[in-house]
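Structure, as C-alpha cells:
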Amino acid sequence: MADAADTAASYDEARIHLRAGGRDRQVAVPVPLGPRSLLDLLPPARVIAQALAALAAEAAAEQGQAVACRPGCAACCRQYASISVVEAEALARLIARLPPPKRDAVCERFDAALLRLEGAGLLDPRAPRGTRRITLPPRHTPAATAAATSSTP
Ligand code: SF4
C-alpha cells in the first residue's frame with residue numbers, strides 16, 4: 001500500500017537468498033532508502049513472506065498436498081487472527097483512505113467485532129467496557145503527510 005510519502009521516496013533493490021524446506025530462492029526486495037518508519041518496511045517484509053509461502057506451497061505440492069488458501073476464501077476473517085502493531089497501523093491507514101460511506105461501514109463492523117470480543121472475555125478486562133473504538137489516523141493530505149514526516153525521529 002503506497003501513500004504519497006512512499007511514491008516520492010527512493011528505493012534500492014536488495015537481493016536476498018532464502019532457503020526453506022530444502023529449497024533455495026533469490027528474491028528481489030524493494031528497500032526504501034533514508035530514515036524510514038517500521039511501516040515503510042512492511043512492503044519489503046511482505047515480499048519476503050510471500051516468497052517463503054511460495055516455497056512452502058511448492059514443498060507441499062511435491063508431497064502431494066495442497067494449500068487450502070484460494071481466491072474468495074475468507075476463513076481468516078471469521079476467526080481471531082493476531083496481527084502486529086505495524087500491520088494494524090497499515091490497516092488503519094488503509095481504512096482512513098476509504099470514501100466516507102465505506103469507511104464508516106468498515107468502522108461500524110470493527111466496533112461490532114470489538115464488542116463481541118469484549119463480550120467473549122477476549123480483551124483486557126481492566127479496560128472500560130463498551131468504549132473501545134477503532135482509531136483512524138488523519139487522512140493523508142499533503143499537509144498531514146508533511147507533518148507526520150517532520151515528526152518522525
Ligand atoms: S482467508 Fe485465510 S485461509 Fe482463506 S485464503 Fe486467506 S489466508 Fe488462506
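Could you go through the range 86-99 in sequence order and give the Karplus-derived ³J(HN,Hα) for each residue, using 6.51 cos²θ - 1.76 cosθ + 1.60 with θ = phi - 60°, rounded to whole Hz, and x for Gly and Pro?
With coefficients 6.51, -1.76 and 1.60, one gets 5, 5, 5, 5, 5, 5, 5, 5, 4, 5, 4, 8, 5, x Hz.
Convert each backbone phi in the range 67-79 into a coupling constant with the Karplus relation 6.51 cos²θ - 1.76 cosθ + 1.60 (shift: θ = phi - 60°), then list the ³J(HN,Hα) values in order as whole Hz, x for Gly and Pro.
6, 6, 4, 7, x, x, 6, 9, 4, 6, 6, 10, 9
A short reminder: the numbers here are calculations on the coordinates, not readings from a lab. Keep in mind that this is a model prediction, so the values were computed, not measured.
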